[in-house]
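One structure is given below, encoded as structure tokens.
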Amino acid sequence: MWDSIVRDPDGEGELTPYEIVESAPRLDPSRMPGHYRDGRSLSAEFPLSPLVPRMARAIQEGMPEAVHGWCLPDSLFVTIGFHDLFDVTPDDEALYVARPFLAFRFWRQCVPTDWREFRARIFNLPGVVAVRRDLEAVTGPLEGYALWQF
């Protein structure tokens, strides 16, 4: 990952360097806001979050194995602070997705067997809708994007 990257966040022609991610693995979620520093982003892993098995179960129960290929999340990463999201597909396509302030990433080192079908179905699964609703009760409205990083 880059130490820093230059972007034009408001499209006004001014390039602004900003740091991407500071890692704080296995940080207590209640302490995460206290570690955040303005102008930086902070990413922490929460493998024991109760949301992880809920998301895995939602995928396993809502999609055929031929689609998910047992690519079920086993951890949750939360990133606060502006950061870039890039999507690199198994077809080697690269896409700049967004620059969110807050991101929830359900993760496992794998790619679904049929990633196109997985992407088409994931946000309509009842269990995924329920997890998103629970997160939005705390954060407000969220956008969803299924991406793979290689």
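The values are calculated or read from the model by the stated rules, or taken from the named source; none is laboratory data. Since the model is a prediction, treat every value here as computed from it, not as a measurement. With ideal geometry, Cβ positions are generated from the backbone for all residues, glycine too; neighbour counts draw on all protein chains shown.
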note = If you go through A146, A137, the only one that is surrounded by fewer than 14 Cβ atoms within 10 Å (Cβ to Cβ) and at negative phi is A137
ask   = Given (1) under 25 Å from S30 (Cβ atoms); (2) part of a strand (DSSP E or B); (3) not basic (K, R), where does V138 come up short, assuming only one miss?
value = (2)
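Pull up segment 66-111, narrow it to residues that are among the basic types (K, R) and closer than 18 Å to E45 by Cα, then point me to the one that is surrounded by the fewest Cβ atoms within 10 Å (Cβ to Cβ).
Once the filter is applied, the top-ranked residue is R108.
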request  = Confirm whether D114 is surrounded by 12 or more Cβ atoms within 10 Å (Cβ to Cβ), over 14 Å from the mean Cα position of the chain (by Cα) and not aromatic (F, W, Y).
outcome  = yes
task = Just give me the residues in segment 12-50 being modelled with pLDDT of 80 or more, within 22 Å of V138 (Cβ to Cβ), touching an Asp or Glu at 6+ places or on another chain (Cβ under 9 Å) and surrounded by fewer than 13 Cβ atoms within 10 Å (Cβ to Cβ), in sequence order.
result = R37
query = Quick check, is S4 of a type in the set (S, T, N, Q) and modelled with pLDDT of 50 or more?
reply = no
ask   = When segment 116-150 is examined, which residues are found to be in contact (Cβ under 8 Å) with a residue 12 or more places away in the chain, among the hydrophobic types (A, V, I, L, M, F, W, C) and out of contact with any helix residue (DSSP H, G or I) (no Cβ under 9 Å at 6 or more places or on another chain)?
value = F150
